[in-house]
Each structure stands twice: as C-alpha cells, then as structure tokens.
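The values are calculated or read from the model by the stated rules, or taken from the named source; none is laboratory data. A quick note: this is a predicted structure, and the numbers were derived from the prediction, not measured. Glycine gets a Cβ as well: all are built from the backbone with ideal geometry, and neighbour counts include every protein chain shown.
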Amino acid sequence: MKNIIITSLLILGSFFVKGYSQSPTDDLRGVSCTVTTDKQIYTVGENVIISISLKNTGQNVVTLGFPTVCAFDYYIDYSYHLLQGAFCLTLYWDLVLDPGEVYTNTYTHKSNQYLIGAGFHQIKGISQSMPSYNGTTTIQVTSQLPSTQTLIIPAGWSGISSYLNPANANLVNLMAPVSGHLLMVMNNTNRYSPPLGILPSAPWNSYSGYFIKMDAPVQLNITGFEIQNRTVSLTAGWNLVPVLTNCDYAIEEVMSGLNFEIVKPVAGSEVFWPSMEIYGLNLFETGKAYLIKMNSAGTITFPACD
C-alpha cells in the first residue's frame with residue numbers, strides 16, 4: 001500500500017464529501033467494499049466489532065481521496081428501522097491501492113453508546129465517492145443468555161452435531177480447543193483438517209451433522225443460542241443429520257410417517273431398519289449425528305425438551 005495519510009478513518013456509514021480529486025490515470029471501476037463482524041450472533045448489551053475492507057479488484061492503480069469536515073453518519077438498519085449516530089471528526093485520507101491490494105480497518109459499535117435491540121440487523125458500509133462502493137452483513141442479536149453444550153468425542157471417526165447456533169461459528173475458532181487432536185471434521189460441503197492444512201470454506205452449520213476424526217478422546221464445549229426452528233429437510237438417498245434438541249428422543253417417534261429405509265450412527269454397527277425388522281438402534285442422542293437413507297424427500301422435527 002502506498003502513501004496513506006490518515007488522521008482518522010471510518011468508512012461505516014455515509015461520507016459527506018466536500019471535495020474529490022482524481023488524476024486522469026486513476027481507475028475507480030474495480031473497487032469493492034465488504035463488511036464483516038467478529039461473530040454472527042450477539043446478546044443485547046454486547047459491543048459489535050465491525051471490519052470494513054476496500055479492495056482494488058481492477059488492473060490499474062486506484063487513488064481514493066476524501067477531504068471532509070464531518071466525517072460520516074454511522075447507521076445500522078434493521079427491521080425497517082434506522083439506528084443512527086453522527087460522529088463529527090476531522091478527516092483527510094489519501095489512499096492508493098495497487099491491483100489486488102486490500103485496505104481494512106476495524107471499528108467497535110459500543111453497546112453503551114448506541115443500543116441494539118434483539119432481532120436481525122443489517123450493517124451497511126457505504127462510501128459515497130464517485131462511483132460509490134458498499135457492503136453489507138447481517139447479525140442476529142438475542143436477549144437470550146448463551147448456553148453451553150459439551151460434546152464427548154471419542155478417538156477415531158464419529159459423528160457430532162449441536163442444538164445451538166454457536167456464538168462464533170468460524171470452524172477454526174470453534175475447533176481451536178481440540179485442534180491438537182483433530183484430524184478431520186467435515187460434512188458434505190465443507191471440511192477442515194489442521195494436519196493436512198485444509199481450511200474450511202464455510203462456518204459451522206447447525207442444520208448439518210458432521211463426520212469427525214480425533215487421534216484421542218476429547219471434550220468440546222460449544223457456546224451459543226438454542227435453535228428455535230428444529231425442522232431438518234431430508235432428500236431422497238443418504239442424509240447426514242444433526243440432533244436439534246438437548247434431549248434424547250426415540251427414532252420411531254421422530255421418523256413417524258416418513259418413507260425411509262435405514263437410520264444409523266456415523267460410526268457403529270447399530271441400525272434402525274424397520275423393513276428388515278432390525279431395531280438395534282432406538283434413540284437419537286443429543287450431540288451426535290446420524291445417517292438416514294430416505295426413499296423419498298421429507299422433513300423431521302425434533303420435539304422441544306419437556
């Protein structure tokens with residue numbers, strides 16, 4: 001990055017631009033703006049850590065200059081309401097980005113200054129330069145207190161799931177306490193292996209079960225918020241299914257009325273196979289994952305704990 005002069009920089013919100021200069025060789029057609037947060041689910045009263053990134057996605061050097069007096073309006077737009085706070089800062093920055101270069105800055109939305117209520121919130125970062133760039137992300141804020149689920153994971157292959165939406169769904173962070181023993185964790189679309197240097201392509205998905213392989217038995221604590229929609233969609237063929245409740249439930253009860261062939265754990269020889277009158281497996285156990293072979297598509301809903 002070349003020639004950055006920053007007294008203060010804050011991109012979140014709308015810049016009030018009093019002047020803008022661009023040399024004839026500057027190319028502003030390839031700039032993107034992205035917004036990310038440190039996690040996806042917050043409780044009321046927490047600070048929200050927000051990162052704003054500008055990337056030169058074009059083939060030429062990009063120069064951005066914004067001399068302003070009152071820097072921006074900071075806003076979070078949620079459920080058709082506007083939460084707004086004006087910051088008046090002296091600001092001048094002259095930013096030069098090479099092709100492919102990214103500039104990122106991180107800011108804190110302080111809960112004691114601008115309260116965010118429970119609900120789904122869209123955070124917008126907008127630079128109203130010429131042309132404008134914008135990025136958005138969505139967070140969930142809950143009035144719930146977080147819960148913790150402890151998964152007992154044996155050595156070798158097994159299946160895991162959680163009835164919680166993790167407060168931090170980043171798979172690397174989630175598995176960090178057991179990463180020294182983790183060989184592989186994966187579902188049908190995502191995998192993570194520290195020994196093989198394979199990084200995940202997506203966060204943890206509570207509506208999926210996971211295969212996991214450890215080189216020693218471990219306990220993994222997942223902290224988050226209880227899933228309210230406990231319905232899982234199943235396709236014809238094999239499905240890797242989580243248990244979306246903190247209770248153990250009879251397979252026969254949960255699978256009642258569905259056109260299925262087999263229910264089996266990820267690891268183990270027990271099966272629930274009514275057409276063959278084999279009932280070696282009876283319960284969906286919380287924290288585990290199961291393979292279900294469906295003859296046709298359907299849904300299962302895990303009951304709430306009594």
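If the condition is being more than 21 Å from W273 (Cβ to Cβ) and either part of a strand (DSSP E or B) or in contact with a Pro (Cβ under 7 Å, 6 or more places away or on another chain) (or both), then region 221-239 contributes N221, I222, T223, G224, F225, E226, T231, S233. Quick check: is even one residue across region 240-263 in contact with a Leu (Cβ under 8 Å, 6 or more places away or on another chain), in contact (Cβ under 8 Å) with a residue 60 or more places away in the chain, assigned by TED's automatic domain parsing to the domain that holds S179 and part of a loop (DSSP other than H, G, I, E, B)? Looking for residues that are in contact with a Leu (Cβ under 8 Å, 6 or more places away or on another chain), in contact (Cβ under 8 Å) with a residue 60 or more places away in the chain, assigned by TED's automatic domain parsing to the domain that holds S179 and part of a loop (DSSP other than H, G, I, E, B), one finds none in region 240-263, hence no. Considering Q122, Q144, the condition of being part of a strand (DSSP E or B) and either modelled with pLDDT of 85 or more or surrounded by fewer than 16 Cβ atoms within 10 Å (Cβ to Cβ) (or both) is satisfied by Q122 alone.
With respect to being farther than 22 Å from T43 by Cβ and either of a type in the set (G, A, S) or over 18 Å from the mean Cα position of the chain (by Cα) (or both), P200 falls outside the description. Hey, does region 166-175 have a residue that's surrounded by fewer than 16 Cβ atoms within 10 Å (Cβ to Cβ), in contact with a Leu (Cβ under 8 Å, 6 or more places away or on another chain) and either of a type in the set (F, W, Y) or assigned to a loop (DSSP other than H, G, I, E, B) (or both)? Within region 166-175 (the criterion being surrounded by fewer than 16 Cβ atoms within 10 Å (Cβ to Cβ), in contact with a Leu (Cβ under 8 Å, 6 or more places away or on another chain) and either of a type in the set (F, W, Y) or assigned to a loop (DSSP other than H, G, I, E, B) (or both)), the answer is no, since none of the residues qualifies.
Which count do you get for residues in region 268-306 that are closer than 22 Å to N246 by Cβ, aliphatic (A, V, I, L, M) and surrounded by fewer than 19 Cβ atoms within 10 Å (Cβ to Cβ)? Within region 268-306, residues that are closer than 22 Å to N246 by Cβ, aliphatic (A, V, I, L, M) and surrounded by fewer than 19 Cβ atoms within 10 Å (Cβ to Cβ) number 3.
Using the structure shown, decide if N246 is closer than 30 Å to S143 by Cα and surrounded by 16 or more Cβ atoms within 10 Å (Cβ to Cβ). When the stated conditions are applied, N246 passes them. The residue of region 54-67 that is farthest from E226 (Cα to Cα), among those that are at pLDDT 80 or above and of a type in the set (S, T, N, Q), is N60. The set of residues from region 86-106 being surrounded by 14 or more Cβ atoms within 10 Å (Cβ to Cβ), at pLDDT 75 or above and under 24 Å from G45 (Cα atoms) comprises just one member, N105.
Give me a count of the residues in region 250-275 that are among the hydroxyl-bearing types (S, T, Y) and in contact with a Gly (Cβ under 8 Å, 6 or more places away or on another chain). Explain how you work it out, then say what you get.
Narrowing region 250-275 to residues among the hydroxyl-bearing types (S, T, Y): 256, 269, 275.
Of the ones still in play, those that are also in contact with a Gly (Cβ under 8 Å, 6 or more places away or on another chain) are 269.
Of the residues in region 250-275, 1 are among the hydroxyl-bearing types (S, T, Y) and in contact with a Gly (Cβ under 8 Å, 6 or more places away or on another chain).
The set of residues in region 187-220 that are in a strand (DSSP E or B) and buried (at least 17 other Cβ atoms within 10 Å of the Cβ) comprises R191, Y192, Y210, F211, I212, K213, M214, V218, L220. Can we say G287 is part of a loop (DSSP other than H, G, I, E, B), free of Cβ contacts under 8 Å to residues at least 24 places away in the same chain, in contact with a strand residue (DSSP E or B) (Cβ under 9 Å, 6 or more places away or on another chain) and not aliphatic (A, V, I, L, M)? When the stated conditions are applied, G287 does not pass them.
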